[in-house]
Structure formats: structure tokens, C-alpha cells
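> This structure is in C-alpha cells; I'll ask about it shortly.
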Amino acid sequence: MGHIDFDAENREQVAMAIEEKLILVKETVSSREEIIRKLGDLLYSNKYVKDTYTQAVLDREVIYPTGLQARVAGVAIPHTDTDHVISPAVAVATLQEPVIFKGMGAPDNEISVDIVMMLAIHDPNLVVKVLRNVIFILEDDQSLAALQSATSKAEIKQIIENHIKTLSQK
């Protein structure tokens, strides 16, 4: 199991599991709800989250949407309150065809999303730090393009780990 440090700026360890069993490659889905359910099921079946997690993410997505448009891809980072999480992890999906998420901070905007990074954060004090560091990947066109073209779980895991490692060296 790999762990990634999501707080390079303060050099604090915010280790989150990133495992191949939490990654979906070129997944075919018809809606944001479907991909949220699939990633939520992966996190739940691997004991990272409680049975309330997936519905809580779906409910939160309606009120606080998580779609973000980067230069080379649409990305969504669905998540929910920490009380639904057992231990920290990130589930990742690249999509065969994009699905529509509403825009973060701009719910009237529709974002065509190719990459979904669903966060399970266990500590309320870490939510903003983790989100900030995940958002940094949106500014890295090379990493996003590599994620879009990745064809294996191992490749996706390596791209994310390399990106986080690069952040920690800045």
C-alpha cells in the first residue's frame, strides 16, 4: 500500500492511502452519481469509510459541487464530512467519456469531467490542506494529461505519487 503526503508546504505528514484497488481506469459511467457510487463502494468495501459515506458525498455534491475546469481536463474532487471516514484515502477514476459535474463555487457552470479524485479525509483540521494540495494537480498540465492517457492502475498511482513528491521538493 502506498501513502502520499498531501501537505508538502508545512512538511507535515498527511498520509492518505493510494492503492491500486482504489483506482478505476477508463471507467464507463453515465452520470456523476454513478461514478461517486462506484468510488464510494471501493472505499467502503476496503474499510476506509462508513456505510453512510457515499450518500453523504452525493448529498454534499448537490449543495457544494466539486467540478473544476483545468486547462487540459475537467476534474471533480467529491468528498464529505470527516465523521463518515474511518481512515484517510483517495479513490481515483479516469473516465472513458466525460460526465457533467456542477462547478465548485459556480454551481450554474457545468464542467465536463474526465478525472475524479474522491477524498476520504478523517481529520477536520486537514480538509483544507488536503483540498489545496489536490487542487495543485490541476495546475500541472503534464500530470493531468498523463492521468487522462494512463492505461493501468499502477500508472495512475505512479503519476499521483510523483506529482506529490514533486510538490514536497518545492
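The values are calculated or read from the model by the stated rules, or taken from the named source; none is laboratory data. Remember, it's a predicted structure, so these values are computed and weren't measured experimentally. Reconstructed Cβ throughout: ideal geometry from the backbone, glycine too, with neighbour counts over all protein chains shown.
> Which residues, counting only those in segment 46-68, are more than 16 Å from I121 (Cα to Cα) and either surrounded by fewer than 18 Cβ atoms within 10 Å (Cβ to Cβ) or without any contact (Cβ under 8 Å) to a residue 40 or more places away in the chain (or both)? Reasoning before the result, please.
We begin by selecting, within segment 46-68, every residue more than 16 Å from I121 (Cα to Cα); these are 59, 62-65, 67-68.
D59, V62, I63, Y64 - these are the residues of segment 46-68 that are more than 16 Å from I121 (Cα to Cα) and either surrounded by fewer than 18 Cβ atoms within 10 Å (Cβ to Cβ) or without any contact (Cβ under 8 Å) to a residue 40 or more places away in the chain (or both).
> Filter segment 56-72 for residues that are in a helix (DSSP H, G or I) and of a type outside the set (A, V, I, L, M, F, W, C) and give the result. Don't jump to the end; show me each part of the working.
Pass one, segment 56-72, residues in a helix (DSSP H, G or I): 56-63.
If the condition is that a residue be in a helix (DSSP H, G or I) and of a type outside the set (A, V, I, L, M, F, W, C), then D59, R60, E61 are the ones that fit.
> Consider segment 138-159. How many of its residues are closer than 14 Å to L24 by Cβ and over 15 Å from the mean Cα position of the chain (by Cα)?
Looking only at segment 138-159, we keep the residues that are closer than 14 Å to L24 by Cβ, and these are 147-148, 150-157.
Checking the rest, the ones that are also over 15 Å from the mean Cα position of the chain (by Cα) come to 150-152, 154-155.
Going through segment 138-159 one residue at a time, the tally reaches 5.
> Right, here's the next one. Scan segment 87-111 for residues that are in a loop (DSSP other than H, G, I, E, B) and modelled with pLDDT of 95 or more and jot them down.
Just the residues of segment 87-111 that are in a loop (DSSP other than H, G, I, E, B), to begin with: 87-88, 104-105.
Within segment 87-111, no residue meets the criteria.
> Let me ask something else about it. Filtering segment 81-119 down to residues that are free of Cβ contacts under 8 Å to residues at least 60 places away in the same chain and of a type in the set (S, T, Y), which residue is nearest to L24 (Cα to Cα)?
Residue satisfying both the conditions and the ranking: S112.
> Looking only at segment 107-125, decide whether some residue is exposed (fewer than 15 other Cβ atoms within 10 Å of the Cβ) and small (G, A, S).
Scanning segment 107-125, I find at least one residue that is exposed (fewer than 15 other Cβ atoms within 10 Å of the Cβ) and small (G, A, S), so the answer is yes.
> Another one. Quick one: in segment 81-106, of everything that is within 12 Å of the chain's Cα centre (by Cα) and among the β-branched types (V, I, T), which residue is surrounded by the fewest Cβ atoms within 10 Å (Cβ to Cβ)?
Per the criteria, the residue is T94.
> Considering segment 73-82 alone, what residues qualify as being over 22 Å from I23 (Cβ atoms) and either part of a loop (DSSP other than H, G, I, E, B) or modelled with pLDDT of 95 or more (or both)? Full working, then the answer.
Taking segment 73-82 as the starting set, the residues that turn out to be over 22 Å from I23 (Cβ atoms) are 81-82.
Passing the criteria: only D81.
> For V128, are the conditions met, namely being in a helix (DSSP H, G or I) and buried (at least 20 other Cβ atoms within 10 Å of the Cβ)?
Numbers: in a helix (DSSP H, G or I): yes; buried (at least 20 other Cβ atoms within 10 Å of the Cβ): no.
Against the criterion (in a helix (DSSP H, G or I) and buried (at least 20 other Cβ atoms within 10 Å of the Cβ)), V128 does not qualify.
> Sticking with this one: Condition first: of a type outside the set (F, W, Y), over 23 Å from E139 (Cβ atoms), surrounded by 16 or more Cβ atoms within 10 Å (Cβ to Cβ) and at pLDDT 95 or above. Can you find one or more residues in segment 7-22 that meet it?
yes
> Which residues, taken from segment 133-154, are assigned to a helix (DSSP H, G or I) and free of Cβ contacts under 8 Å to residues at least 60 places away in the same chain? Can you show your working first?
If we filter segment 133-154 for residues that are assigned to a helix (DSSP H, G or I), which is where we start, we get 133-139, 141-149, 153-154.
Those that are assigned to a helix (DSSP H, G or I) and free of Cβ contacts under 8 Å to residues at least 60 places away in the same chain: F136, Q142, S143, A146, S149.
> Could you go through segment 26-47 and let me know if any residue there is at pLDDT 95 or above, basic (K, R) and either in contact with a Cys (Cβ under 6 Å, 6 or more places away or on another chain) or assigned to a strand (DSSP E or B) (or both).
If we filter segment 26-47 for residues that are at pLDDT 95 or above, which is where we start, we get 26-47.
The next check asks that each one be basic (K, R); those that pass are 26, 32, 37-38, 47.
Then keep just the ones that are either in contact with a Cys (Cβ under 6 Å, 6 or more places away or on another chain) or assigned to a strand (DSSP E or B) (or both); that gives 26.
Yes, some residue in segment 26-47 is at pLDDT 95 or above, basic (K, R) and either in contact with a Cys (Cβ under 6 Å, 6 or more places away or on another chain) or assigned to a strand (DSSP E or B) (or both).
> Anything in segment 137-156 that is surrounded by 15 or more Cβ atoms within 10 Å (Cβ to Cβ), modelled with pLDDT under 90 and over 14 Å from D114 (Cβ atoms)? List them, or say none.
Passing the criteria: only D140.
> A follow-up question, please. Regarding segment 120-135, can at least one residue be identified that is modelled with pLDDT of 90 or more, hydrophobic (A, V, I, L, M, F, W, C) and closer than 22 Å to T28 by Cβ?
No, segment 120-135 contains no residue that is modelled with pLDDT of 90 or more, hydrophobic (A, V, I, L, M, F, W, C) and closer than 22 Å to T28 by Cβ.
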